[in-house]
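Written below as C-alpha cells is the structure these notes are about.
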Amino acid sequence: MKEESATPERKSASAKQPPEDHRLRMVNRTMQLYRNQSHALIETLHAVQESFGYLEEGVLKHVAGTLRVPLSRVYAVATFYHSFTLKPPGEHTCVICMGTACYIGGSGAILGDIKEKVGIGSGETTPDGKVSLLVARCLGSCGLAPAGVFDGEVAGKLSPDNVIDKIGRWR
Amino acid sequence: MTLNIEDLHQIAKIEQDTQQGFQHRINVCVAAGCLSCGSGVVKDALAREVGKRGLDNWCQVKGVGCLGLCTAGPLIALEVGGRFYQGVKVADVADIVEALGASPVDRLLYPDDSAFFQRQLRIVTENCGRIDPERIEEYIAESGYEGLYLALTQMTRQEVLGQVTESGLRGRGGAGFPTGLKWTTVAKTVDSTKFVICNADEGDPGAFMDRSVLESDPHRVIEGMAVAGYATGASQGFIYVRAEYPLAVKRVRMALSQAERMGILGNNIFNTNFSFNIKVRLGAGAFVCGEETALIASIEGRMGRPRPRPPFPAEYGLWEHPTLINNVETFANIPPIIRHGGKWFAGIGTEKSKGTKVFALAGKIVNTGLIEVPMGMPLREIVYEIGGGIPEGKRFKAVQTGGPSGGCIPQQFLDMPVDYDSLMQVGSIMGSGGMIVMDESSCMVDVAKFFMEFCMSESCGKCAPCRVGTRQIYDILCKITAGGATTEDLATLEDLCDLVKHTSLCGLGQSAPNPVLTTLNYFRDEYLAHIHDKKCLAGACKTAKEVS
Amino acid sequence: MAKIGLATTWLDGCSGCHMSFLDLDEGLIALADKVEIVYGPLVDYKTFPEHADVTLVEGAVSSEADKKNILNIRARSGVLVSFGDCAVTANVPGMRNRYPVEAVLQRGYVENAEPPLAGSGEAAFQVVPQLCPHARPVHEFVHVDVFLPGCPPPPEAIFYLLQELLAGRIPDMRGRTRFGA
Amino acid sequence: MSHHPKGKLRTDLNPSRLLTFKIDDRDVSAREDESILEVARQNGIAIPTLCHLDGLSERGACRLCIVEVRGVAKLLPSCVTFPRQDMEVITNSERVVNYRKKILELLFTERNHVCSVCVSNGHCELQNLSVELGVTHVRYNYLYPEHAVDASHSRFSVDHNRCVLCLRCVRVCDEIEGAHTWDIMGRGITSKVITDLNQPWGTAETCTGCGKCVQVCPTGALSEKGKSVAEMIKRRQFLPYLQMMRGRQEESWQK
C-alpha cells in the first residue's frame, strides 16, 4: 500500500480522487459493510463526519456515486440532520446543552456570555479556528444541568464563568 | 453455540457464587451523569486501593448503571448494608475502603431514610445500579433471558401476545398505545418479512430515561425485542439510538455482540426454530425521527419526514413490511412480564395505566435524577417526597411533562395521580417521562417560547401548518416576552395554536401548541402582565419593561 | 339624501390605484350624485377632515409619518378600505423588507442616482421620510373594514365596492379582484 | 386504467373492490384504491389542492385538501385518504374552509409573494387558490425571508421567493424524468429546494434541461427565461401520459 504524505496540498488533492485518501478507508469500509446499499447513507455520513470532522463536498460525491444515491438527496440528508456539518470545525469544540432542564438552569445565559466574550454563536467558529460552539438539544445529562461537552468530555453544573474559563484555556 | 435452560442457570449460578464470594461489593455508578462528574476515576482509584491492600478476594469494585440520583454524583452504593455515598472524590477512596466492615464514612453518607430510594418501585430499572452493564453474565444472574427462554420453549406466539395484552402495558414513548394490541396487529399480518424496531431516539429535551436504561441494562431491551420478534414473527430488529448518546451506543453494541456470541441472538435461539438478529442504527439529530414513519425513513437512509398514516407501520413499515415500533422502556418491561405473567403486571398501577413509569426528574428540584414509580402516584409525592421539594425555599410553580408535546401542570393539580389519562385531562401527556419542575423564578411565557423554538427548529418542514405555523407562534411569543404585543396578538396566538394542532400532518405538529395552550390556560395572568403592564411576573424576561 | 363623505389617500404607493379609480369613467358621474369627496389627492383639501364616512387608503405603511397618518385616518373614518395590494399586502414597497433600510437608501439615492450624487448621500437621506425597518400592510396597524386587493384593483371592483357601501352593505369582494390583479 | 398513481403507499387496497359512501351528503361509488380526492373530483365536487398533481405521487403535505369524516375527530387529507363503505365525508364545512384559508395565508407569509411583479401573475395556483378560498388579505405577519433568484441555467430560472415547497419539481424530476436533480435541503422553515449539491442550477450536471419541473411548478418559482410579468403559462398535459408510460413509481426516491 502506498504511503500517505500528510501535506495539506496532498490532502486537498486527494479529496478529488477519494480512494487515495486514508481517511476514506473507514468511509469505504462502512459502505462495504452495507454492501453499498443506498440505505447506508446516514451511517456512511456518520463515518465521513467522524473521519473528516465534517462532510466534505468531494467525499459527498464519492459517497453518492458508491451508494448510487442522487447528489441532491445526499445533500438533502446531510442538511436535514443536525449531527452533520458541512463546515470544518475548529480545533476544539464546546457543546452547550439547551435541553429543558439546562435551559431552566440557565444555559441561555452561558450562550449569551460566550457570544459576548468569545464572539461566537451556535455553529460558529472563532476566526483563529481554535474554538467551535455547538448547541445540543439534550445531552441527557439533565441531572447535571446546565451541562456541556468540552472536546468530548461531558461537564455538568456549568456557569458562565467556568465555561469562559474552560474555553479560555484552549486559546 | 446454542444454550438451553441448564446452561443459563449454570451461568447464573457461577456468577452468583462469584458475587457471594465477596464480603463487600462496591458499586460505582458509571452512567453518563456520574461519569461526567468523574466517577470513572473514582472507580479506578477504588479498585487500586482495594488491590493495594490485598483485598481483591474480599471486596469487589464494579461499575454499574444509573443509581438514579444524578444530582449527588459520583454516587457509589455499598451492596452489603445498602448504604449510598454521594459526591465521592478520589481523595475519599482510602476512607471508604478503610470503613468497610466498620462504621460508614459519615460525611459521604446519603441519608438512609430518604424517600428517594424508599418510595420507588423498580421493574424496568430493577438491575440499574446493581449489575455491570458490560457483562452479560451479570444480567443472566438476575434471571436475564429467562423470559425469552420461557417464551420460546414453553409458550406459543399466541400465549406471548396474550400475556402482553393481559399485562395492560401501554407504549412508554408518548401516546400510550396498548402494546398488546400493537403486537397483535403486527402478528396478524401475513408478510414473511417483518421487523421489530426499538425507538431509542429519545429526543425530548429533559428526558433521559431511555439513555439510562440502555447504559445500565442493555440486555433487558434486547431480550424484550427478541420476545417481540418471536411473538410477531419478525426475525430482524433495529435499535435506532441517538448518536448523542455515545455511551449508550457503545454498551448496546457490546451487549449485542455478547448476546450473539452466546447464541441468544442469531439462528435457532435456544435450539428452537426462532432466529433473530438486531442491528444498531444511529440517529443523527432530528427530534421528528421519534415519529414512527420518520424513524422508518431514517433507517431507510432518507430524511426523517413523516408520511400520513394510515397505513400504519404495523402493516406497512420498514421497506414496506409490517413493523413493530416500541420504545426502550416498553421493551424493557417485557422480560418481567413474561417471567411473572401479565396478571402480575396488571396488578400494579391504576385501572387504565398499568405497571410503573420511569421519570427523569429535573429542573428546580432538590433530587434531580431518574426515578421509577407505580402509575398513579400523586404528583405531590413525586415532587415533594421523592424529589425532595423545591430548592432554596422557593415556591413551586409547575411541572412540565411530555417535553415539547406536553404541557405545564400547575399547583392545583399536585394531588392528581400521574397516569396517562389524568395527564391528558389537564392538557399534558405522559410523553416519554421527562418531568421538569419549575419554581416562581420561571416565566411560563418564556417556557412556552423555549418549547416553541424547539418545535420550530425540529419541524421537518413537510406540511405547511407546522412549518410556517410554529414560526408564526414563536414570533408572537417573542413579541410578548419582549413586551411589544397587543391583545390582538394573543387572539392570533390562540388561533394559530388551534390551526397547527388540528391540521398538521404528524404528532410533532399536532402537539406542538400544547405547551402554549396549557400555559395560556393555567398562567394566562403571566401573558396578560407581559401584554398590558409590560411586566414579567417571574422577573425572567428582563427586557419587558424597556420595550414599549 | 345627504351625500356620503369619501376620502381617498395614499401612503407608500404608486398612485396606480387612484388611476384605476379615475378609470371608473362614467361611473364617476354616477357616483357624483351620491358622494362628496372630502379629502384626497384628486381634490384640493389640505388636511384630513374630522370625519369621512368612507376612506380608501392606498399604499403600505412605510415611514414614521405613515404610521402617524394611518392612526389619525382610522380615528376619523367610518369605513376604512385597504385599497389595492400595497395597502393589503405591502406588495412592491414591501420588496425592500429583506434589506436593511440603510442599504435601500444607499442603493436608491446614491448608487442609482443620476447624475451621481456627491458625498455620502447623508444630505439626501435627511429629506426622505424616515423609513420604518419594514413596509407593512395597513391592517397590521389599524382595523380595516374592507380589503380590496389588486395591483391595481380593476375599476369594476372599485365601483362595486362603492355601490355596496352606498347601499349600506359591507361588500364581499371575493371573486371580483385578487392579489396582483 | 387509472392515471392517478397511488405511490407505494396503498398497495394493500384492492382495486377491484367497489364501495359506496357519501361526499357532502351525495351518494358516490368508488374503487377501494381511489382516494377521496379522486372520487370527489370525478363527481364534480371541488376540493382545493396544492401539492397534489395528477401524474405525481402524493405527499399529503400542503393540508389544503383536508376534509371531515363523520365520526373521526381528526381532519384527513383527502389526497391520501381512502374511502370505506358508508363513510360520510364533508368537504366544505365552515371549520374546514376556515382552516384552509388560514393555511393558505400562512403560505403567503412564508416567502415573498409579490403577485404584481411575478412572471406567473394570473396563471398561478397560489393566486387562484386565494380567489377560490376567498382570501382577500393575510392576517398573519409576513416573514420577509431573504431568498435569492438563481438564473444560472441557460433556459430556466428559479426564484425561491415564490416557492411554496410543494416539491412537485422534486417529484417530477425523480419519478418522471428519472434524474433526481432536485431535492429539498434543511428542515422546517429553513427548507429550500436545491439542485445537486446545492449549487447553481446551471452547473448541476444531472439536469437534463427537460423543463418538466418548470411546467409543474404551481407558482412563479420556476419559470422559463425571457418571460416577463404575467407571461409564464405552464403546460403540463403531458404528465399523466408520461406517468402511465414510464410507470417507474416503484423505484421512486421520493417518498
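Name every residue in segment D:193-240 that is outside any loop (DSSP other than H, G, I, E, B), free of Cβ contacts under 8 Å to residues at least 60 places away in the same chain and surrounded by fewer than 19 Cβ atoms within 10 Å (Cβ to Cβ), in order of residue number. D:G202, D:T203, D:F238 - these are the residues of segment D:193-240 that are outside any loop (DSSP other than H, G, I, E, B), free of Cβ contacts under 8 Å to residues at least 60 places away in the same chain and surrounded by fewer than 19 Cβ atoms within 10 Å (Cβ to Cβ). Counting the residues of segment D:199-242 that are under 23 Å from C:F179 (Cα atoms) and of a type outside the set (G, A, S) gives 15.
Any residue that is in a helix (DSSP H, G or I) and either of a type in the set (K, R) or in contact with a strand residue (DSSP E or B) (Cβ under 9 Å, 6 or more places away or on another chain) (or both) - is there at least one of those in segment B:122-137? Within segment B:122-137, none of the residues are in a helix (DSSP H, G or I) and either of a type in the set (K, R) or in contact with a strand residue (DSSP E or B) (Cβ under 9 Å, 6 or more places away or on another chain) (or both). Looking across segment A:116-160, the residues that are charged (D, E, K, R) and within 14 Å of another protein chain (Cβ to nearest Cβ) come down to A:R137, A:D151, A:E153, A:K157. When you look at D:L165, is it closer than 29 Å to D:I103 by Cα, away from chain A (no Cβ under 13 Å) and out of contact with any Pro (no Cβ under 7 Å at 6 or more places or on another chain), yes or no? Taking the combined requirement at face value, the residue does not satisfy it. So B:V437 passes all but one of these: (1) more than 22 Å from D:I189 (Cα to Cα); (2) more than 9 Å from every other protein chain (Cβ to nearest Cβ); (3) not acidic (D, E). Which condition number does it fail? Unmet condition: (2).
The residue that is surrounded by the fewest Cβ atoms within 10 Å (Cβ to Cβ), among those in segment A:6-46 that are modelled with pLDDT of 60 or more and of a type in the set (D, E), is A:E43. When you look at B:L108, is it within 24 Å of B:K52 (Cα to Cα) and touching a residue at least 40 places away in the same chain (Cβ under 8 Å), yes or no? Judged against the criteria, B:L108 is not a match.
Of the strands (runs of 3 or more DSSP E) that lie entirely inside segment B:364-480, those containing 3 or more residues that are in contact (Cβ under 8 Å) with a residue 40 or more places away in the chain and more than 30 Å from B:P308 (Cα to Cα) span B:369-374, B:396-401, B:434-439. The listed residues are D:N141, D:N92, and the only one of them that is in a loop (DSSP other than H, G, I, E, B) and away from chain C (no Cβ under 14 Å) turns out to be D:N92. State whether one or more residues within segment C:66-77 are of a type outside the set (A, V, I, L, M, F, W, C), closer than 22 Å to D:V117 by Cβ and within 14 Å of another protein chain (Cβ to nearest Cβ). Among the residues of segment C:66-77, not one is of a type outside the set (A, V, I, L, M, F, W, C), closer than 22 Å to D:V117 by Cβ and within 14 Å of another protein chain (Cβ to nearest Cβ), which makes the answer no. The residues in segment B:301-336 that are closer than 30 Å to B:S143 by Cα, touching an Asp or Glu at 6+ places or on another chain (Cβ under 9 Å) and assigned to a helix (DSSP H, G or I) can be counted, and the count is 7.
Here is a yes/no grid of residues against (1) surrounded by fewer than 19 Cβ atoms within 10 Å (Cβ to Cβ); (2) over 25 Å from D:Q215 (Cβ atoms); (3) not small (G, A, S):
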{"site": "D:Q42", "(1), (2), (3)": "yes, no, yes"}
{"site": "D:A46", "(1), (2), (3)": "yes, no, no"}
{"site": "D:R95", "(1), (2), (3)": "yes, yes, yes"}
{"site": "D:L107", "(1), (2), (3)": "no, no, yes"}
{"site": "D:C115", "(1), (2), (3)": "no, no, yes"}
{"site": "D:L126", "(1), (2), (3)": "no, no, yes"}
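Residues that are among the hydroxyl-bearing types (S, T, Y), under 21 Å from the mean Cα position of the chain (by Cα) and within 13 Å of chain C (Cβ to nearest Cβ) within segment D:95-117 comprise just one, D:T109. Among residues of segment A:113-122 being loosely packed, with under 13 Cβ neighbours inside 10 Å and not charged (D, E, K, R), the one that is nearest to A:V95 (Cα to Cα) is A:G121. Just one of (1) at pLDDT below 90; (2) in a helix (DSSP H, G or I) fails for B:T2. It is (2).
For segment A:91-107, taking the residues that are within 15 Å of B:G206 (Cβ to Cβ) and among the hydrophobic types (A, V, I, L, M, F, W, C), the one that is surrounded by the most Cβ atoms within 10 Å (Cβ to Cβ) is identified as A:A101. Note on segment B:296-332: residues that are buried (at least 22 other Cβ atoms within 10 Å of the Cβ), in contact with a helix residue (DSSP H, G or I) (Cβ under 9 Å, 6 or more places away or on another chain) and among the aromatic types (F, W, Y) amount to 1.
On the given criteria, is D:C124 touching a helix residue (DSSP H, G or I) at 6+ places or on another chain (Cβ under 6 Å) and either in contact (Cβ under 8 Å) with a residue 12 or more places away in the chain or more than 7 Å from every other protein chain (Cβ to nearest Cβ) (or both)? When the stated conditions are applied, D:C124 does not pass them.
Could we say that B:V213 is under 14 Å from B:Y230 (Cα atoms), in contact (Cβ under 8 Å) with a residue 60 or more places away in the chain and assigned by TED's automatic domain parsing to the domain that holds B:W319 here? No: the conditions fail for B:V213.
Among the candidates D:A151, D:A179, the residue that is surrounded by fewer than 24 Cβ atoms within 10 Å (Cβ to Cβ), under 24 Å from D:L242 (Cα atoms), more than 14 Å from chain C (Cβ to nearest Cβ) and of a type outside the set (K, R) is uniquely D:A179.
For segment B:170-178, indicate whether the set of residues that are in a helix (DSSP H, G or I) and either within 14 Å of chain A (Cβ to nearest Cβ) or among the small types (G, A, S) (or both) is non-empty. No: segment B:170-178 contains no residue that is in a helix (DSSP H, G or I) and either within 14 Å of chain A (Cβ to nearest Cβ) or among the small types (G, A, S) (or both). If you scan segment B:242-289, which residues turn out to be closer than 24 Å to A:V154 by Cα and in a helix (DSSP H, G or I)? Answer for segment B:242-289, where residues must be closer than 24 Å to A:V154 by Cα and in a helix (DSSP H, G or I): B:P246, B:L247, B:A248, B:V249, B:K250, B:R251, B:V252, B:R253, B:M254, B:A255, B:F287.
Report yes if D:E132 is free of Cβ contacts under 8 Å to residues at least 60 places away in the same chain and either aromatic (F, W, Y) or at negative phi (or both), otherwise no. Criteria not met by D:E132. Can you say whether D:D86 is under 30 Å from D:P15 (Cα atoms) and part of a helix (DSSP H, G or I), as far as the supplied structure shows? Answer is no for this residue. Within segment B:255-267, is even one residue within 14 Å of chain A (Cβ to nearest Cβ) and either surrounded by 23 or more Cβ atoms within 10 Å (Cβ to Cβ) or free of Cβ contacts under 8 Å to residues at least 40 places away in the same chain (or both)? No.
When C:M95 is tested against the conditions (1) within 13 Å of another protein chain (Cβ to nearest Cβ); (2) crowded, with 18+ Cβ neighbours inside 10 Å, the lone failure is (2).
Listed by position, the strands (runs of 3 or more DSSP E) inside segment B:5-111 whose residues that are surrounded by fewer than 24 Cβ atoms within 10 Å (Cβ to Cβ) number at least 3 are B:24-29, B:59-64. Conditions first: (1) crowded, with 22+ Cβ neighbours inside 10 Å; (2) farther than 24 Å from C:M95 by Cα. C:R76 passes all but one, so which condition is the exception? Condition (1) is where C:R76 drops out.
I'd like the full set of residues that are under 21 Å from the mean Cα position of the chain (by Cα) and assigned to a loop (DSSP other than H, G, I, E, B), limited to segment B:138-148. Across segment B:138-148, the qualifying residue is only B:G144.
The values are calculated or read from the model by the stated rules, or taken from the named source; none is laboratory data. Quick caveat, the model's predicted, so the values are computed rather than measured. So basically every Cβ, Gly included, is an ideal-geometry build from the backbone, and we count neighbours across all protein chains shown.
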